[in-house]
1. Hand me the trypsin sites (Lys or Arg not before Pro) from segment 265-322 located in a DSSP loop with no more than 15 other Cβ atoms within 10 Å, in residue order please.
2. Whole-Hz Karplus ³J(HN,Hα) for segment 400-413, in order, using 6.51 cos²θ - 1.76 cosθ + 1.60 and θ = phi - 60°, x for Gly and Pro?
3. 5 Å is the cut-off here: which amide hydrogens, built 1.01 Å from N in the peptide plane, fall below it relative to residue 198, excluding neighbours closer than 5 in sequence?
4. With no solvent and one equal point scatterer per Cα, compute the Debye intensity ratio I(q)/I(0) for segment 381-510 at 0.21 Å⁻¹ and report its log10, rounded to two decimals.
5. Setting aside same-chain residues fewer than 8 positions from residue 485, which lysines have a Cα under 30 Å from its Cα?
6. Which whole-number percentage describes the relative contact order of segment 193-297, with Cα contacts under 8 Å and a sequence gap of 6 or more?
7. Calculate the translational D of segment 193-297 in whole µm² s⁻¹ from Stokes-Einstein, where the hydrodynamic radius comes from the Kirkwood formula applied to all Cα pairs, the temperature is 10 °C and the viscosity 1.306 mPa s.
8. Can you compute the charge dipole magnitude of segment 193-297 about its Cα centre, using +1 on each Lys and Arg Cβ and -1 on each Asp and Glu Cβ, nothing else charged? Give it in debye, rounded to the nearest 20.
Amino acid sequence: MTAEPVRAFDFADELSAEVARVLADPAFVKAPVQSRLLSYLCEQTLAGEGPLSQYAIAVDGLGREESYDLTSDSYPRVQISRLRRNLTDYYTRIAPGHGLAVHLDKGDYRLHLAPPEKAYPERLGNSHAEPQDDADAPGTVPADAARPARRSHDLLLRAGGALAALVILAFGLFNLFSGSWGGTGSAAAAPPRIAVEVDIAPPALGKLGDPQLTEHVRFDMESQVAGSFIATLAQDRAAADYRLTLHSAPALDAQDRLRLELFDREGARVYVSTLALPANSETLDAVLGGELAQLLTPDGLVAQLELKAHGKAKSDYLCFLRSETVARPSATTAQRLPALLDRCLARYPRSDYVPFWLARKAFVLYQADLRQGLPIRREGEAWDLTTRALEADPFNSYANALAARIVLADGECAAAESYFLNMIERGGYYPVLAGMIATEAAPCGHEFAQAAGDWRARIGAMSQGNRTLDPLSQLYVMLAVLALKDRAAAERLASARPIEESSADVEGMLDELTRAVESRAYARSKATEIEADLARFVWNPQARAAIVRSLR
């Protein structure tokens, strides 16, 4: 009998292919700084020219000026630390293509390959990530594939070809994930229809002690799709533009797993996440809610796929998606928002999205007032826009969230309750809105808006799904749990930074809160500065004081 051939191991090819898979993941596609850093480290590892310095990473890898001073700026260390966490999170969802995960050792900035359970023992002691569909049959590879020790002519030739292949593969996979190969799409683009499918195996139902869990989870997932601002619920699979499925995953270790997947119009899988079966259905709701928020928010994966699919087509739906994408805090796009909102309002004056656009304009004006040191007032153009938004749609979640913040800035809890209840009805799934109002309303006490149920527990649950939160969501959920005196949840959030980059304001506030959560001494020494910085994000002065007390 002829023995099966053993697949030859080539470090350059394996590393290049695996880095390309990571770069094509939607989370990394939305994180250009982290993607640039990973690509640079791959290139330098393949060149094999000796140890990498933080200065080289900062200047050559991250684009800092040559006059960059390591002693006064921790930027490269922060980005390297974030990359380690992001790679860990990636491999909790997706197994490496050929069984070897990319990882960074502490104090070593070259990339290595190793089985996931060895590369990330603190999170993957038992491998449980979802295997890639294109993984080859396992061959004989080293248990820990070391990087090349020195440069050679043959290695550089392979490295150049491998990196070129990496770029091509990443670009191709990005287009696959984004659902478009350059078409412009329909000019009448409307919210896509998403079908929900849930199939949880009986053993998992027994472990959670809930025989109706499948129906319960399906109802929650369908409610989150129907309540989203970017999609509608398809009544059957045949009429759907996307399929969102939750199934019991194959047993890869001793623990039961659930696999969440999203499939596009062509049936291609554009998202997969494998979830460990939690101890109870409440925790499952929290973790699943965090995953779905990443997919269904107005700048989440489905929205990005729709924008890519329809190119430069025009419709009120696409105008809404573009304005929401620009509305996310960033260093390069914040200045474009007012003009874009005005164009949307002028072009689609009778659209159902008008209340969103009016509320967004009002928020921009209030933020401008805060930057000038002016108080939040129920008068002037910003308040008029808020009022118009509520008149156009009394239940619009954005407008109600904004109105609640405005009256809570004056400590008027009773006046804020109706706004809060309207917001939670249709926007409670969104971590930014829920965290924002929970923070502002924390001084109102447990009796505030009891009609909404245990909404404080909902905020705590959101903190459990923190691996999928974007920076702004993480900031407001962290502020909320601090204002509500949930120190354990704040520490959990502080230990995991989101992969996406945001504006300097959001990043700076997250950094400051993280340091304060990790060190009470730092929080006490910086209490005055922290409270002043919080004014940009928390309008209720009593809530700001509560956060500072919680930190100390």
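1. Numbers: sites: 265, 269, 308, 312, 314, 322; in loops: 265, 312, 314.
Those that pass, being in a loop and sparsely packed, are 265, 312, 314.
2. Residue by residue, segment 400-413 yields 5, 4, 5, 4, 4, 4, 5, 6, 5, 4, 9, x, 8, 5 Hz.
3. The list, which skips near neighbours in sequence, is 246.
4. For segment 381-510 at q = 0.21 Å⁻¹, log10 I(q)/I(0) is -1.21.
5. The reachable lysines, counting only those whose Cα sits under 30 Å from residue 485, are 526.
6. Values: 162 pairs, mean separation 30.0, N = 105.
The value is 29 percent.
7. Numbers: Rh = 14.0 Å.
Here the translational diffusion coefficient equals 113 µm²/s.
8. Numbers: 9 positive and 16 negative charges, 41 e Å.
In total the dipole reaches around 200 debye.
Values in this text are rule-based calculations from the coordinates and carry no lab data. Model, not experiment: these values are computed from the prediction. Neighbour counts run over all protein chains shown; Cβ positions are idealised from the backbone, glycine included.
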